[in-house]
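J.: Before we start, here is the structure in question, set down as structure tokens.
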Amino acid sequence: MKPSTPVWHPCTQMKDHETYPIIKIDRADGIYLFDDKGNSYIDAVSSWWVNLFGHNNPRLKRALRDQLDKVEHVIFAGITHNPAEILAKDLVDITPEKLTRVFFADIGSAAVESAMKLSYGYRKNTGNEKKNRYIYLDSGYHGETLGALSVCGEQLYSELFGAIMIENIRVQGPDCYRCPFNKTRENCDAECFFHMEKAMAENKDAVTAVILEPLLQCAGGFKMYPPVYLKKLVKAAEHYNIHTIFDEIACGFGRTGTMFALEQAGVCPDFLCLSKGITSGYLPLSVVMTHEEIYDAFYDEYTTLKAFLHSHSYTGNPLACACGVETMKIFREDDVINANRKKFPVMHEYINKKFGGKPHVGEIRHLGCVSAIELVEDTSTRKSFDWKKRTGFQIFRKAIGKGAYLRNLGDIIYFMTPYIITEDEMVRLVDIAYESVYEVL
Ligand SMILES: Cc1ncc(COP(=O)(O)O)c(C=O)c1O
């Protein structure tokens, strides 16, 4: 029977819920979600990668309440407010010096759309409008609005809508588990970059920007690749007069072990998209950061019609910005990045101990506070399971029964927990994952 709710869930085959009842969450606290039947679940995916400091966090709630007494929302065009001003300054302080301007939006996809439009807008305003295409990576993911989808390398999301999107240029990206050059992450010099270099060289007159997720491709399979790729990218992009758009929507704010992944490569993009953790997962907010040369290309008398005409109703929402300001304070006052550097290796080690060398474990990957286990049918050939078997999905369902919301990505089991998880909770979560994997397999 069809589910009785009128609610249509995103990224979900609703028919699955003929078999599996939809979970109704009543409350949440710390790393736990509690349903209306009294069950609790470890939020192993930080509620779609947004939650940094736990649910029901007193500091964030106080910041939100305080702001609620002042102003809940106001048009954000020619009007500003303290939370946005403070947050923008905080972001400028913690990102590379060159990034001096902060354009607010509301969700991650809107930041990506804005960055794409800003790049092309720059070309148009500077008389180079033939540069109107984007290069993107295989397995890259940047959201699901049509612009963002047109640079999505994950075919599962984009293929269906190919007919209604602009045609961009897809490039084979780093795939370290199945490296065609037989390199490891440790000894690699990003030999695979030649695909990108070739695409840039061949399309330099048509391409305005290249977009990618630095170091960690999340939705495309939790693929992790070394910083040398980014170094080569930024150098080549400068050479071919192509902008770089770094999408740190998922991997920013400490997920990769540094505040931003770009720090590990020592590079600065033309556009940096941020969202998700920016409010610790309390409210939707996103930004695109850029530099003076881009800003100046839109800065002129009104009648030149160079202004960036792009807006969203909830752009720069004061409540969301107040959560952002508090989030930045927590990072500073609690020295979160350093604390995580000590804490998360415990989880890495325990995952390695439990899963290392076990049947069907293709690769175990760790980067900062993120870990992923790629399960395969045959570890010697690295052959994946038949996707129709939905192995990962069965493991996810099993884990729910054991008290962990460990939503799978295909046959990849990943851990992207709130930072406040304790070492005991890490062990419990990994134990649940292990039992779930081997009960299914
Ligand atoms: C890297 C990346 N970019 C963009 C997005 C889109 O963000 P949103 O879902 O807020 O539109 C996501 C969402 O998961 C993401 O992981």
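The numbers here are math on the coordinates, done by the rules we state, and not lab data. Keep in mind that what you see is a predicted model, and the values were worked out from it rather than measured. Here the Cβ is made from the backbone with ideal geometry for all residues, glycine too, and neighbour counts use every protein chain on show.
J.: List every residue whose amide H lies under 5 Å from the amide H of Ala105, counting only residues 5 or more places away in sequence or on a different chain, with H placed 1.01 Å from N in the peptide plane.
T.: Ser286, Val287, Val288, Gly316
J.: Of all trypsin sites (Lys or Arg not before Pro) in the stretch 69-132, which ones are in loop regions per DSSP and have a Cβ with at most 16 other Cβ atoms within 10 Å? Write down the numbers at each step before the final one.
T.: Values: sites: Lys70, Lys89, Lys98, Arg101, Lys117, Arg123, Lys124, Lys130, Lys131; in loops: Lys70, Lys98, Lys130, Lys131.
Of the trypsin sites (Lys or Arg not before Pro), the ones in loops of the stretch 69-132 whose Cβ has at most 16 other Cβ atoms within 10 Å are Lys70, Lys98, Lys130.
J.: For the stretch 258-304, state which GluC sites (Glu not before Pro) are in a DSSP loop and have at most 12 other beta carbons lying within 10 Å of their beta carbon. Working shown, then result.
T.: Numbers: sites: Glu263, Glu292, Glu293, Glu301; in loops: Glu301.
Filter output for the stretch 258-304: Glu301.
J.: What Kirkwood Rh does the chain have if only Cα atoms enter the pairwise 1/r average? Answer in Å.
T.: Values: mean 1/r = 0.0440 Å⁻¹.
Evaluated on the chain, it is 22.7 Å.
J.: May I ask for the distance between the Cα centers of the stretch 396-427 and the stretch 27-97, given as a whole number of Å?
T.: Between the Cα centres of the stretch 396-427 and the stretch 27-97 lies a distance of 22 Å.
J.: Would you kindly derive the ³J(HN,Hα) couplings of the stretch 16-26 from the backbone phi angles with the Karplus curve 6.51 cos²θ - 1.76 cosθ + 1.60 (θ = phi - 60°), listing them in order in whole Hz, with x for Gly and Pro?
T.: With the stated coefficients, the stretch 16-26 comes to 3, 7, 5, 8, 10, x, 6, 7, 9, 8, 8 Hz.
J.: Please list, in chain and number order, the residues 5+ apart from Ala209 or on another chain whose amide H is under 5 Å from its amide H, with Hs placed from the backbone.
T.: Arg133, Ile135, His243
J.: Over the Cα atoms of the stretch 106-165, each weighted equally, I'd like the Debye log10 I(q)/I(0) at q = 0.23 Å⁻¹, rounded to two decimals.
T.: Once normalised to I(0) and log-transformed, intensities are -0.93.
J.: Rounded to the nearest Å, what's the spacing between the alpha carbon centres of the stretch 324-394 and the stretch 198-239? Just the number, please.
T.: 23 Å
J.: Using the reciprocal of the averaged 1/r over all distinct C-alpha pairs, how large is the Kirkwood radius of the stretch 27-99 in Å?
T.: Values: mean 1/r = 0.0656 Å⁻¹.
Final number for the Kirkwood radius of the stretch 27-99 is 15.2 Å.
J.: Ok, one more. Helix-derived [θ] at 222 nm for the chain: sum -39500 (n - 2.57) over DSSP H runs of at least 4, divide by residue count, nearest 500?
T.: Values: 15 runs with 156 residues, N = 441.
That calculation yields -10500 deg cm²/dmol at 222 nm.
J.: Which of Thr327, Thr315, Thr258, Thr304 has the fewest other C-beta atoms within 10 Å, and how do the rest follow up to the most?
T.: Working: Thr327 27, Thr315 21, Thr258 18, Thr304 10.
Ranked by crowding around the Cβ, least crowded first: Thr304, Thr258, Thr315, Thr327.
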